[in-house]
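Before any comments, here is the structure.
The values are calculated or read from the model by the stated rules, or taken from the named source; none is laboratory data. Just so it is clear, the model here is predicted, and its values are computed rather than measured. Here Cβ is always computed from backbone atoms with ideal geometry, including for glycine, and neighbour counts include all displayed protein chains.
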């Protein structure tokens, strides 16, 4: 009896494997979803046709186009990342140069003020002496200052 059960099981397996058409396989998998059934139908139709050189070429060309698009996207992303990093580097350098420029300008303005003060000090002393000693000099028309008006130089 066990022998007969094993024989029946083997016969059932063989019958499943030896289904005659693709439609039988699809009917056998009736519990599959409609999308799966459609995919199986497409595969069954493709499997019936012999694979030709044209078919292989079209598959290879489509694969190459896909790879080309992926590489173009990777290159574009790389260029964008590189550009972003270069711009960030330039921005940092510009900020650094701007800070240095402000420091240099502040130092030069400070030294210019010191130089102007050093130059004016002797003249101020001379002006006060000359103004005190001689009151007969004419005054500046613009600011009514006596001799030594540095701003208008008209006196």
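Numbers below:
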quantity: Set 4, 54, 107: member being at pLDDT below 60, out of contact with any helix residue (DSSP H, G or I) (no Cβ under 9 Å at 6 or more places or on another chain) and not in a loop (DSSP other than H, G, I, E, B); calculated: 4
quantity: Selected residue [outside any helix (DSSP H, G or I) and either modelled with pLDDT under 95 or surrounded by fewer than 10 Cβ atoms within 10 Å (Cβ to Cβ) (or both)] from 136, 130; calculated: 136
